[in-house]
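Have a look at the structure below, then the notes.
The values are calculated or read from the model by the stated rules, or taken from the named source; none is laboratory data. Since the structure is predicted, the reported quantities are computational estimates derived from the model, not experimental observations. Neighbour counts are summed over all protein chains in view; Cβ atoms, including those assigned to glycine, are modelled from backbone coordinates with ideal geometry. Heavy atoms of the whole protein, side chains included, go into the accessibility calculation; ligands, DNA and RNA do not. Shrake-Rupley method; radii C 1.70, N 1.55, O 1.52, S 1.80 Å.
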Number of protein chains: 2
Amino acid sequence: VELAERILTGDRRALARAITLVESGHEETAGLLSRVYPSTGRARVIGVTGPPGAGKSSLVDRMIAHERGRGASLGVIAVDPSSAYSGGAILGDRVRMIGHSSDSGVFIRSMATRGHLGGLSRATGDALDLMDASGLDVVLVETVGVGQDEVEVVELADTVLVVLVPGMGDDIQAIKAGILEIADLFVINKSDREGADRLEAELQHMLTLADNDRPRPQILRTVAIKGEGIDELFAAIDRRHAGRGWEESARERRRARAGHRLEAVLAAELRRRVERRLAPGQWEDLVEAVAERREDPYHAVESLLGDLPPSAGALGTEEGP
Amino acid sequence: VELAERILTGDRRALARAITLVESGHEETAGLLSRVYPSTGRARVIGVTGPPGAGKSSLVDRMIAHERGRGASLGVIAVDPSSAYSGGAILGDRVRMIGHSSDSGVFIRSMATRGHLGGLSRATGDALDLMDASGLDVVLVETVGVGQDEVEVVELADTVLVVLVPGMGDDIQAIKAGILEIADLFVINKSDREGADRLEAELQHMLTLADNDRPRPQILRTVAIKGEGIDELFAAIDRRHAGRGWEESARERRRARAGHRLEAVLAAELRRRVERRLAPGQWEDLVEAVAERREDPYHAVESLLGDLPPSAGALGTEEGP
């Protein structure tokens, strides 16, 4: 609780410690997050996603510089599922961001999963709430890759930038289809490369085909490494926020985000409760039995849970005659 | 149950129907999967992963042809998290695989998530078990991307191929670190391109630095689109299976896989049970309260679950004085 008070006054060391706690799944964080939650919802949250090689880190770098230039404080969450396997190492392009580390207006954290289903989504949401509550004006959530986890993570954002790059080969088709519905703005980075026109034409074509009622995402061009197109990018973001329908769209997004948060917290809490019920060695014995096919996973889970939690509330609606 | 019998006799239509059921999360699948589970564990499962643009689909195409040439029947699971958003469309490179669709020795399915945490991992494991139980000799699990979901999916495999391609830019560093520990074999595809030597040297260097006690993954080269290197790839896979330490490594992997299966099934079952307890509109009301910050997600989950499931078994070990 003292930690919560310090976060609310903008204490960066308290913020760092709290994020470490939520990342490790520490139990006492629930109280902490309950305490700071009413103070969230103020930061502008921008998600940055796209395939590897698109130059997302360079772009984020320039976005930080741009927003610092406007006097805003920033948090950056670099979500890296792969680092759960490499032990959370800060690699290659991450290192560049460290240039901002002496700037007290910028707070940067990498997040990795701990191998738990949904753990990354829960922890990232927690970290975002903590940064938001600590008074940072803008939070950038950058992801590596475009898997389900990454999609869930960018769903935390008010504005989602999908970064693409010319000449990425055939599989890009699959990616583009998948991110079409989460993109608020497309950024063609490294747009001085050959193929930028073709990529933009392809995107335009796909957007024409998409029949959803969301406003059609704008397509912007940047050369992040040279700082080109960054002003235009923020102008487009600002226009969105000032635009017609923004209030309603923001409200819907807040509701969707609340739903995702609830699901992630629920999954984590259920898991924790089941873990506490296990006798020592019980889980390992079950795993062994399933591995040797003496037991199947469905029956094992049934035997583990019994009738818990018992059904109540809306019952029987799924049971047919 | 009748469906289970038909699957066990190799009926492909029954298999297709069962996979559709598990993908939709249908309740009656638990009994079905319990019934077929003892007949699983026979298929050789090969995971194929790597970043977009690496040519995984072409490679899988050639692998199918190779194994058909040896008289083996194959299942292919194409895991595509993005298609949850595009409505499961079969896109671009997927279409090529349809060339095998008239061959009764090849059974191909795309899997997408339904937006549920861990849902993809559970459904893919179920589909794999069904294919295995139906008597297919080899199952190829191909993923798009390298997020956490994909990593969980390839953990179902006996042998994991990580497909890379020369000249993929800077972010590849981050990817390589993440997949280093899941790769059994590295495949440098499109190896007639410039940069193959450099990529191999980089990989070798990273493998030298990695201090784990697993056997060091071999690095192979292919040009899938021309069919080059496929024989050598299977020779390497066969060598692994015949090699020293394979039995023990396979046993460990079966155990790890059983653990992942249990976790995924547990998460899905807990979710289902909570959903059944909800009164009509209760979830929506909670989401609204969290969105408006009248309620925080942690407190909301507490109020939803109450003391369910009550703690039992190994209790108190986490509680300090």
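General remarks:
- Here's the picture: a label point sits 7 Å out from the Cα of A:E202 along the beta-carbon direction, and within the stretch A:45-70 the residues with their amide nitrogen under 13 Å of it are A:51.
- Sites matching GluC sites (Glu not before Pro) across the stretch A:181-233 that sit in DSSP coil, with at most 11 neighbouring C-beta atoms within 10 Å: A:E194
- Across A:K226/B:K190; A:K190/B:K190; A:K56/A:K226, pairs whose alpha-carbon gap is larger than 25 Å: A:K226/B:K190
- Between A:E228 and A:V223, the built amide H atoms are under 5 Å apart, and every one of these is 5 or more places off in sequence or on another chain.
- Nitroxide proxy distance, nm - points 7 Å out along Cα→Cβ at A:D103 and B:L209: 2.7 nm
- Here the Kirkwood formula puts the hydrodynamic radius of the stretch A:223-288 at 16.5 Å, using every distinct Cα pair.
- Calculated label separations, B:G243, copies of the chain, 7 Å along the beta-carbon direction, nm: 5.4
- Modelled spin-label separation between B:R293 and A:L8, with each label point placed 7 Å from Cα along the Cα-to-Cβ direction: 1.2 nm.
- Sparsely packed loop sites in the stretch B:233-279 (the trypsin sites (Lys or Arg not before Pro) outside DSSP H, G, I, E and B with at most 14 other Cβ atoms within 10 Å) comprise B:R244.
- Calculated P(r) tail over 11 Å for the stretch A:211-258, as whole % of Cα pairs: 74 percent
- At 7 Å out from Cα toward Cβ: A:A256 inter-copy label distances (nm, ascending): 3.5
- Heavy-atom accessible surface that B and A bury in contact, both chains counted, 1.4 Å, Å² to 100: 8700 Å²
- Between amide H atoms placed 1.01 Å from N, distances below 5 Å from B:F107 occur with B:L74, B:G75, B:V76, all of them 5 or more places distant or on a separate chain.
- Label-to-label distance for B:R193 and A:A16 is 4.0 nm, based on points extended 7 Å past Cα in the beta-carbon direction.
- Between the stretch A:1-66 and the stretch B:23-52, the alpha-carbon center distance in angstrom: 38 Å
- Sorted from nearest, the other copies put their B:L209 label points 4.1 nm away, the label point being 7 Å from Cα in the direction of Cβ.
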